[in-house]
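To keep things clear, I will list the structure first and then write my remarks on it.
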Amino acid sequence: MKINRIILTDDSTKKLQLLKSKTGLTPNILCRFGLILSLQDNTIPDPILYKQDGQELLRHVLLGEIDNICIALFKQRAAQDNKDLSDEKSLVDYFRAHINRGAELIYNRSNSLISLF
């Protein structure tokens, strides 16, 4: 898959920055956790909902050492959702949707955890 960079939404960018200030975890690490949460969600994210008006993350920074694992899990989920794996543009948009939805999921989960303390 030819993903070199992902541009997040402005909303996801703000949520990740807020989480970074609370947890010390960088946006790329938070996005890795978020991606896994999004891939576990049974619904299909809609790429149209996620504008590209926020922070840009390069793939090697975003996924780091676990790039192969994340891409394999993503492709498995894409096949499960009947996505055309040969359509690079739609696959990249679908991946970006998972990253953005994951940022929202990790933000929502962390707020409920932080509020417990």
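None of the figures in this text is laboratory data; all of them are computed from the coordinates on show. Every value quoted in this text rests on a predicted model; they were computed, and no experiment measured them. With ideal geometry, Cβ positions are generated from the backbone for all residues, glycine too; neighbour counts draw on all protein chains shown.
Some values worked out for this structure:
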| quantity | calculated |
| --- | --- |
| Positive minus negative residues near Leu19 (Lys, Arg vs Asp, Glu; Cβ under 12 Å) | +4 |
| Residues in region 1-26 reached by a label modelled at Ser90 [backbone nitrogen below 20 Å; 7 Å Cα→Cβ] | 1-4 |
| Size of the chain as Cα extents on the principal axes (Å, biggest first) | 45, 28, 27 |
| Dipole magnitude of region 1-71 about its Cα centre (Cβ charges: Lys, Arg +1; Asp, Glu -1), debye to nearest 20 | 180 debye |
| Segment Ala72-Asn108, extension gain: residue separation times 0.36 nm, minus the distance between their alpha carbons | 10.4 nm |
